[in-house]
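The values are calculated or read from the model by the stated rules, or taken from the named source; none is laboratory data. Treat the numbers as computed from the prediction; the structure is a model and nothing was measured. All Cβ positions, glycine included, derive from the backbone under ideal geometry; neighbour counts span all protein chains shown. We work out accessible area using only protein heavy atoms, side chains counted, and drop any ligands, DNA or RNA first. Shrake-Rupley method; radii C 1.70, N 1.55, O 1.52, S 1.80 Å.
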Amino acid sequence: MRVLVAGASGLIGTELVRRLRAEGHDVLRLVRREPRSQDERTWAPSARIIDIGLLDEADAVVNLAGASLNRLPWTPAHRRRILASRLEATGTLADGMRQTSSPPTVFVSGSAVGYYGDRPGQTLTESSAKGTGFLSDVVDAWERAAHLAPQSTRVVTVRTGVVIGRGGAMAPLLPLARAGLVGPIAGGRQHWPWVSLRDEAAAIAHLLTSTLSGPVNVVGPEPATAADVLRALTAAVHRPYGLPLPRAAVSLGLGEAGRELLLADQRVLPQRLLDDGFVFRDATVQDAMAQLVSAA
């Protein structure tokens with residue numbers, strides 16, 4: 001397939017491009033600067049500018065573009081950027097597809113488990129209702145923008161959890177764990193949806209040729225609490241787990257971002273992926289952390 005990837009330079013995008021090329025696909029990367037290699041093409045999503053010919057020639061489009069959620073705390077300006085960056089990129093791609101004579105067959109667009117909000121005591125699948133909060137509203141608008149693609153294009157929105165790989169949420173946690181400074185956050189009983197980086201990329205590649213459409217939870221098959229995730233990390237680097245971070249400190253220090261990213265309880269299952277026959281290489285968070293440390 002010829003696959004056009006937005007957000008190709010990020011953590012997930014870099015691994016996805018590597019995987020797609022290993023599988024024999026022709027990948028073009030959208031960049032916001034002058035191209036520096038033959039596989040790069042310029043676009044300007046903030047100005048809604050893209051070469052329509054790229055979309056006309058693409059078999060598939062993957063959209064991973066958006067401002068980082070890990071820039072903490074969320075100032076009012078960054079909150080606006082989180083939403084605007086996602087709507088600009090997704091809207092530019094969807095609008096461009098509608099202008100082509102031969103739209104891509106499939107559009108896989110980024111999304112997040114933040115859609116579900118804080119849901120203690122519940123098991124969440126793709127059929128679960130929208131939650132409340134800033135991230136839930138952002139994700140809802142983000143997914144709606146993706147579904148403005150042409151009716152002939154199969155649209156998949158990948159609701160991703162914490163990606164365990166070299167970067168992203170693990171970038172600050174790994175050195176802290178190696179220094180022995182990681183322990184329970186607010187008691188650690190809240191569920192953190194997680195997925196290994198290689199399974200995240202493999203799931204997106206799988207969805208390019210699947211028949212699934214609509215929301216798909218891309219999270220590991222075995223739910224884990226925050227304590228499970230952080231214990232697995234400290235065990236992988238052979239350091240103690242025990243320095244607690246109280247709920248009040250998270251809420252006071254990080255505000256809304258801390259409450260939604262660290263304190264929210266989300267027991268999310270990848271129901272549609274499993275039903276579609278996808279096989280995870282990292283079935284447990286311990287597997288994912290071992291893979292992270294071995295690759296670091």
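Residue under question is L135, and the condition is that it be at pLDDT below 95 and open to solvent by 10 Å² or more (accessible area, probe 1.4 Å); does it hold? Can you show your working first?
On the way: at pLDDT below 95: no; open to solvent by 10 Å² or more (accessible area, probe 1.4 Å): yes.
Judged against the criteria, L135 is not a match.
Among (1) open to solvent by 10 Å² or more (accessible area, probe 1.4 Å); (2) of a type in the set (A, V, I, L, M, F, W, C); (3) closer than 30 Å to L262 by Cβ, which single condition is A89 missing?
(1)
Among (1) under 19 Å from the mean Cα position of the chain (by Cα); (2) open to solvent by 10 Å² or more (accessible area, probe 1.4 Å); (3) not hydrophobic (A, V, I, L, M, F, W, C), there is one condition D276 misses while meeting the rest; what is its number?
In the conditions (1) under 19 Å from the mean Cα position of the chain (by Cα); (2) open to solvent by 10 Å² or more (accessible area, probe 1.4 Å); (3) not hydrophobic (A, V, I, L, M, F, W, C), D276 misses (1) alone.
Go through L93, L87, L83 for me and flag whichever is part of a helix (DSSP H, G or I), among the aliphatic types (A, V, I, L, M) and under 15 Å from the mean Cα position of the chain (by Cα). Before the answer, list the steps.
Values: L93 fails: under 15 Å from the mean Cα position of the chain (by Cα); L87 fails: under 15 Å from the mean Cα position of the chain (by Cα).
Exactly one residue qualifies, and that residue is L83.
Listed here are the residues, each with its yes/no results for (1) hydrophobic (A, V, I, L, M, F, W, C); (2) under 24 Å from L16 (Cα atoms).
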{"position": "S210", "(1), (2)": "no, yes"}
{"position": "V237", "(1), (2)": "yes, no"}
{"position": "P240", "(1), (2)": "no, no"}
{"position": "G253", "(1), (2)": "no, no"}
{"position": "L269", "(1), (2)": "yes, yes"}
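What do you reckon, is P73 in a loop (DSSP other than H, G, I, E, B) and touching a Gly at 6+ places or on another chain (Cβ under 7 Å)? Full working, then the answer.
Numbers: in a loop (DSSP other than H, G, I, E, B): yes; touching a Gly at 6+ places or on another chain (Cβ under 7 Å): yes.
Considered against the rule, which asks whether it is in a loop (DSSP other than H, G, I, E, B) and touching a Gly at 6+ places or on another chain (Cβ under 7 Å), P73 comes out as yes.
On the basis of being part of a helix (DSSP H, G or I), buried (at least 21 other Cβ atoms within 10 Å of the Cβ) and either in contact with a helix residue (DSSP H, G or I) (Cβ under 8 Å, 6 or more places away or on another chain) or touching a residue at least 60 places away in the same chain (Cβ under 8 Å) (or both), does A290 make the cut? Lay out the reasoning, then the answer.
Working: part of a helix (DSSP H, G or I): yes; buried (at least 21 other Cβ atoms within 10 Å of the Cβ): no; either in contact with a helix residue (DSSP H, G or I) (Cβ under 8 Å, 6 or more places away or on another chain) or touching a residue at least 60 places away in the same chain (Cβ under 8 Å) (or both): yes.
Against the criterion (part of a helix (DSSP H, G or I), buried (at least 21 other Cβ atoms within 10 Å of the Cβ) and either in contact with a helix residue (DSSP H, G or I) (Cβ under 8 Å, 6 or more places away or on another chain) or touching a residue at least 60 places away in the same chain (Cβ under 8 Å) (or both)), A290 does not qualify.
Restricting to region 1-45, name every residue that is in contact with a helix residue (DSSP H, G or I) (Cβ under 7 Å, 6 or more places away or on another chain), among the β-branched types (V, I, T) and open to solvent by 20 Å² or more (accessible area, probe 1.4 Å).
I12
If I filter region 46-59 down to residues being open to solvent by 70 Å² or more (accessible area, probe 1.4 Å) and touching a residue at least 12 places away in the same chain (Cβ under 8 Å), which single residue comes out as nearest to L83 (Cα to Cα)?
Going through region 46-59, the residues open to solvent by 70 Å² or more (accessible area, probe 1.4 Å) turn out to be 46, 48-49, 51, 57.
With touching a residue at least 12 places away in the same chain (Cβ under 8 Å) added as a condition, the list becomes 46, 48-49, 57.
Details: S46: 12, R48: 15, I49: 18, E57: 29 Å.
Out of the qualifying residues, it is S46.
Regarding G121, is this residue on the phi > 0 side of the Ramachandran plot, within 15 Å of the chain's Cα centre (by Cα) and open to solvent by 30 Å² or more (accessible area, probe 1.4 Å)? Lay out the reasoning, then the answer.
Details: on the phi > 0 side of the Ramachandran plot: yes; within 15 Å of the chain's Cα centre (by Cα): no; open to solvent by 30 Å² or more (accessible area, probe 1.4 Å): yes.
The answer is no for G121.
With the structure loaded, tell me whether T75 is within 19 Å of the chain's Cα centre (by Cα), of a type in the set (V, I, T) and open to solvent by 10 Å² or more (accessible area, probe 1.4 Å) or whether it fails that test. Give the derivation first.
On the way: within 19 Å of the chain's Cα centre (by Cα): no; of a type in the set (V, I, T): yes; open to solvent by 10 Å² or more (accessible area, probe 1.4 Å): yes.
Answer is no for this residue.
What pairs come up if the first residue lies in region 12-37 and is within 15 Å of A58 (Cα to Cα), the second is open to solvent by 20 Å² or more (accessible area, probe 1.4 Å) and not in a helix (DSSP H, G or I), and their beta carbons are under 6 Å apart, counting only those six or more places apart or on different chains?
H25/M1; D26/R2; L28/D39; L28/R41; R29/D39; L30/R41
Among S127, S101, S152, which is the only one that is touching an Asp or Glu at 6+ places or on another chain (Cβ under 8 Å) and among the hydroxyl-bearing types (S, T, Y)?
Working: S127 fails: touching an Asp or Glu at 6+ places or on another chain (Cβ under 8 Å); S152 fails: touching an Asp or Glu at 6+ places or on another chain (Cβ under 8 Å).
That would be S101, the only listed residue that is touching an Asp or Glu at 6+ places or on another chain (Cβ under 8 Å) and among the hydroxyl-bearing types (S, T, Y).
For region 4-60, which positions are farther than 15 Å from E200 by Cα, acidic (D, E) and not in a loop (DSSP other than H, G, I, E, B)?
Within region 4-60, D26, E40, D56, E57 meet the criteria.
So is R259 assigned to a helix (DSSP H, G or I), open to solvent by 70 Å² or more (accessible area, probe 1.4 Å) and farther than 18 Å from D118 by Cβ or not?
Values: assigned to a helix (DSSP H, G or I): yes; open to solvent by 70 Å² or more (accessible area, probe 1.4 Å): yes; farther than 18 Å from D118 by Cβ: no.
When the stated conditions are applied, R259 does not pass them.
Pick out the one residue from V106, V62 that is buried (at least 23 other Cβ atoms within 10 Å of the Cβ) and under 14 Å from the mean Cα position of the chain (by Cα).
On the way: V106 fails: under 14 Å from the mean Cα position of the chain (by Cα).
Only one candidate passes the filter, namely V62.
So, in region 115-130, exactly how many residues are within 16 Å of L261 (Cβ to Cβ) and not in a loop (DSSP other than H, G, I, E, B)?
Within region 115-130, the first condition is being within 16 Å of L261 (Cβ to Cβ), and the residues that meet it are 115-120.
Next, from what is left, pick out any that are not in a loop (DSSP other than H, G, I, E, B): 115-116.
So the answer is 2.
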